[in-house]
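The values are calculated or read from the model by the stated rules, or taken from the named source; none is laboratory data. The shown structure was predicted, so the numbers you read here are calculated from the model rather than taken from an experiment. All Cβ positions, even for glycine, are placed from backbone atoms using ideal geometry, and neighbour counts span all protein chains on display.
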Amino acid sequence: MRSFDLDAIRKEFPILSEEVHGKPLAYLDNAATSQKPAAVLDRLDHYYKHENANIHRGVHHLSQIASKAYDDARKSVQTFLGAAEDAEVIFTKGCTEGINLVANGLFLSPGDRILISTMEHHSNIVPWQIAAQKAGATVEPIPISDIGEIDLEAYRALLAQGNVKLVAIVHISNGLGTINPVKEMAALAHAHGAMILVDGAQAGPHRRIDVQDIDADFYTLSCHKIYAPTGVGALYGKRALLEQMPPYQGGGDMIWQVSFAGTTYAPIPRKFEAGTPNIAGVIGFDAAIRFLSDFGLKSSGSSSDEENRLGKGLDLAFDVLEERERSLTAYATERLSEVPGLTLIGTAPNKAGVLAFVLDYAHPHDIGTILDSEGVAVRTGHHCCQPLMKRFGLGATTRASLAMYTAEWEIDNLIRGLQRVRAIFG
Amino acid sequence: MASEPNLSYEEVVIRELYEETILDHNRRPRNRGHIDGLKAEGYNPLCGDQVEVSLRITDGIIDAIAFEGHGCAISVASASLMTEAVKGKSPEEAKAIMRRFQALVTDTSGIEPDLDEFGDLAALAGVRALPVRIKCATLPWHALLAALAGDTAATTE
């Protein structure tokens, strides 16, 4: 028996009771970053008050505790991603850094090709351009349809031309909401001898991820979008691939032995974690994962055996959240269609709770300012997807994006704000 | 901060920023087009506002000026009002107007400015209550400055 108690969820997130310009906050910018539950905030507080020390198993007590918490977090992310082992999870400072890490580690030769899509975020375009330019390789875009889906025929054709070293593709588009068929795309890439990196920045909060099922070679997460602190990301990579790659940053903790005659590197994951990481942020992410898992177990009224508890809880959580999101996205889409002169950008049948749109009579900037004056937070601009904007002949869109705590009244406030925009500009 | 005291933020936005002159110049921009002569493009990479200002100077006077581009209502209205304000002025006078305009829209001190000297440009005074939108108002002016200096590009960064 699954239930969705929105009020109970909202109570877990302190910031949701904030007022903005004297109005209740309707926070619809979750694709930019998510809000944090008390469980995560309390964990951060407890860590700094009772556990804080530098990690890597210093001999003293606090270091042991901090090290264990950090290692436990890695195991939680392993479960979150469905990775075969925790050593395949690298903590980074964000999704962008994870992609740069892989781009930096690719062995590229002149004439090698990297395929990306027209809908990619700049973080999944620019690192490849930088790497390609150094090596005399090329970056080519996979075209997308007018409703915002990958043109799979064109993708196949691009692969068939040969020499594709890597495909970099977003799982869920931050500009369109489209959920891409990454498992199918991975299979096609591998059939042509290419690796695939999946950018999971938006997928993290919206769908249950299984990197082995997708058979991704690399998968990047943006943890601050998954109800966790900023400054943390995770990169998953298959062991064999990570072991072949040169280090990204040199420094402490990623070494085995250092001497002026030569230095050897630590095994993964430490090879890719130079310096002191965002320890508290990583532990905060662990708390967010547990929060989601507990929510899942509670929603289904089930208890699970200890061994699989975290994973089972996440499975249940995303079942409930996905269903809720579909229904709320449908509600939002329907309400948006009431606004005269509004065109949704990104209308793929398989999409997540990311709603981008344009109005005939008002620029996104003006829309955003008027909505803000009513307490509604949306994002306006190119969303770091300039090629996507160009594909649709646009300079900018306005984007509302949902999270687990988004309420129908927040959508209603958005619509009321848009009617206000119409009254002024229409 | 507003010409009427104690306005709510919402009222400041609706009544002071998106007031009638701004909406009018956004809906029916004046001097939209292209002049053969000096020209410069202004581009704000953060939001995508883009404006190209072109002008001709004859006998030391800006006797023709126009703008093209796409952007928010503030940037379009500012470009339109700007062309009206500087047409018929010398480059030096235009720069002086720009300096006063810049001071007006970036003044977050809360002190009431003297709006009489600005004519229709006073309509943009409301933008100073929204620091994030100031660059929308100043972009066309940076393009004007660049064009007068013989440069072809400007940015508010």
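See the values below:
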{"quantity": "Residue match in segment A:100-109 (condition: touching a Gly at 6+ places or on another chain (Cβ under 8 Å) and more than 19 Å from A:Pro246 (Cα to Cα))", "calculated": "no"}
{"quantity": "Failed condition for A:Gly346, given (1) within 14 Å of chain B (Cβ to nearest Cβ); (2) under 11 Å from A:Gly175 (Cβ atoms); (3) not aliphatic (A, V, I, L, M)", "calculated": "(1)"}
{"quantity": "Every residue from segment B:57-75 that is touching a His at 6+ places or on another chain (Cβ under 7 Å) and surrounded by 18 or more Cβ atoms within 10 Å (Cβ to Cβ)", "calculated": "B:Ala66, B:Gly71, B:Cys72, B:Ala73"}
{"quantity": "In segment B:58-71, the residues that are within 20 Å of B:Thr21 (Cβ to Cβ) and modelled with pLDDT under 95", "calculated": "B:Gly69, B:Gly71"}
{"quantity": "Subset tally (residues that are within 11 Å of another protein chain (Cβ to nearest Cβ), closer than 22 Å to A:Ala26 by Cα and either surrounded by fewer than 22 Cβ atoms within 10 Å (Cβ to Cβ) or not β-branched (Val, Ile, Thr) (or both)) for segment A:349-375", "calculated": "11"}
{"quantity": "Residues (surrounded by fewer than 16 Cβ atoms within 10 Å (Cβ to Cβ), at pLDDT 80 or above and among the acidic types (Asp, Glu)) located in segment B:1-16", "calculated": "B:Glu11"}
{"quantity": "Flag if A:Thr343 is within 20 Å of the chain's Cα centre (by Cα) and within 30 Å of A:Phe425 (Cα to Cα)", "calculated": "no"}
{"quantity": "Filter result (within 17 Å of A:Pro127 (Cα to Cα) and outside any helix (DSSP H, G or I)) within segment A:82-109", "calculated": "A:Thr92, A:Lys93, A:Gly94, A:Leu106, A:Phe107, A:Leu108, A:Ser109"}
{"quantity": "Residue count, segment A:375-392 (criterion: more than 24 Å from the chain's Cα centre (by Cα) and either at pLDDT below 95 or part of a strand (DSSP E or B) (or both))", "calculated": "0"}
{"quantity": "Criterion (in the same structural domain as A:Leu28 (by TED's automatic domain parsing), assigned to a helix (DSSP H, G or I) and either crowded, with 19+ Cβ neighbours inside 10 Å or not small (Gly, Ala, Ser) (or both)) met by exactly one of A:Glu307, A:Glu338, A:Glu323", "calculated": "A:Glu323"}
{"quantity": "Residue in segment A:7-22 that is within 14 Å of chain B (Cβ to nearest Cβ), over 18 Å from A:Gly296 (Cα atoms), in contact with a strand residue (DSSP E or B) (Cβ under 8 Å, 6 or more places away or on another chain) and touching a residue at least 60 places away in the same chain (Cβ under 8 Å) present", "calculated": "yes"}
{"quantity": "Unmet requirement for B:Ser109, which otherwise passes all of (1) away from chain A (no Cβ under 14 Å); (2) modelled with pLDDT of 95 or more", "calculated": "(2)"}
{"quantity": "Criterion (of a type in the set (D, E, K, R), surrounded by 24 or more Cβ atoms within 10 Å (Cβ to Cβ) and away from every other protein chain (no Cβ under 11 Å)) met by exactly one of A:Arg399, A:Arg416, A:Arg422", "calculated": "A:Arg399"}
{"quantity": "Failed criterion for A:Gln212 (all others in (1) over 13 Å from the mean Cα position of the chain (by Cα); (2) surrounded by 21 or more Cβ atoms within 10 Å (Cβ to Cβ); (3) modelled with pLDDT of 95 or more; (4) not aromatic (Phe, Trp, Tyr) hold)", "calculated": "(2)"}
{"quantity": "Matching option when the condition is closer than 19 Å to A:Phe272 by Cα, modelled with pLDDT under 95 and out of contact with any strand residue (DSSP E or B) (no Cβ under 8 Å at 6 or more places or on another chain), among A:Arg2, A:Arg57", "calculated": "A:Arg57"}
{"quantity": "Residue within segment A:204-227 that is over 28 Å from A:Tyr248 (Cα atoms) and of a type in the set (Val, Ile, Thr) present", "calculated": "no"}
{"quantity": "Test: B:Ala122 is modelled with pLDDT under 95, more than 14 Å from chain A (Cβ to nearest Cβ) and either assigned to a helix (DSSP H, G or I) or in contact with a helix residue (DSSP H, G or I) (Cβ under 8 Å, 6 or more places away or on another chain) (or both)", "calculated": "yes"}
{"quantity": "Residues within segment A:376-389 that are within 9 Å of chain B (Cβ to nearest Cβ) and either closer than 20 Å to A:Phe425 by Cα or touching a strand residue (DSSP E or B) at 6+ places or on another chain (Cβ under 9 Å) (or both), tallied", "calculated": "4"}
{"quantity": "Some residue of segment A:122-132 being closer than 29 Å to A:Cys385 by Cβ, surrounded by fewer than 20 Cβ atoms within 10 Å (Cβ to Cβ) and in contact with a strand residue (DSSP E or B) (Cβ under 6 Å, 6 or more places away or on another chain)", "calculated": "yes"}
{"quantity": "Elements of type strands (runs of 3 or more DSSP E) contained in segment B:1-97, each with 1 or more residues being more than 11 Å from chain A (Cβ to nearest Cβ) and without any contact (Cβ under 8 Å) to a residue 12 or more places away in the chain", "calculated": "B:49-58"}
{"quantity": "Conditions (1) within 14 Å of chain A (Cβ to nearest Cβ); (2) at pLDDT 90 or above: number failed by B:Trp141", "calculated": "(1)"}
